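Presented below is the structure to which this report refers.
Since every read-out is calculated from the coordinates, none of them should be taken as a lab result. Keep in mind the model is a prediction, meaning the values are calculated, not measured. Heads up, the Cβs are rebuilt from the backbone with ideal geometry, glycines too, and the neighbour counts pull from every protein chain shown.
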Amino acid sequence: MQRTQIYLTESERKGLLSISKETGFHLSALIREAIDAFIEKKQHEKSKKQKSLKSAAGMWSKHTNLPNIRNLRKEFDRE
């Protein structure tokens, strides 16, 4: 493990101390648990987003009535 310093608000520290007394866990253990939960949540959100993007890939491939994107793009290109 690597040592890291953080700043907590007074209410955050009081809340952690209260939980620490109730559970018997050290503040550092509670903070690590919270960080682990945060990382897991963010990874889940990223995975969910990637799955959504993959499921959307090619969703317009079967449509034949789409405009020609290259021609539309030429309208916006500067000459």
- Tell me, in nm to one decimal, what length is gained between Ser11 and Leu27 on full extension, where the rule is 0.36 nm per residue of separation less the Cα-Cα distance? 4.4 nm
- If we count chymotrypsin sites (Phe, Trp or Tyr not before Pro) as exposed when they sit in a DSSP loop and have at most 13 other beta carbons within 10 Å, what is the longest stretch of the chain that avoids them all? 8-59
- Query: Which of the lysines could a cross-linker span from Lys51 if the Cα-Cα distance has to be under 26 Å and same-chain partners fewer than 8 positions apart are dropped?
  - Reply: Lys41, Lys42, Lys62
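What FRET efficiency do you get for Ile69 and His44 if R0 is 30 Å and r is their Cβ-Cβ distance, rounded to the nearest 0.05?
0.30
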- List the trypsin sites (Lys or Arg not before Pro) within the range 1-68 that fall in a DSSP loop (any state other than H, G, I, E or B) and whose Cβ has at most 10 other Cβ atoms within 10 Å. Arg3, Lys62
- Would you list, by chain and number, the aspartates and glutamates whose Cα falls below 18 Å from the Cα of Lys14, excluding same-chain residues fewer than 8 positions away? Glu22, Glu33
- Note on the structure: At the level of C-alpha centres, the distance separating the range 45-79 and the range 2-36, in angstrom, is 46
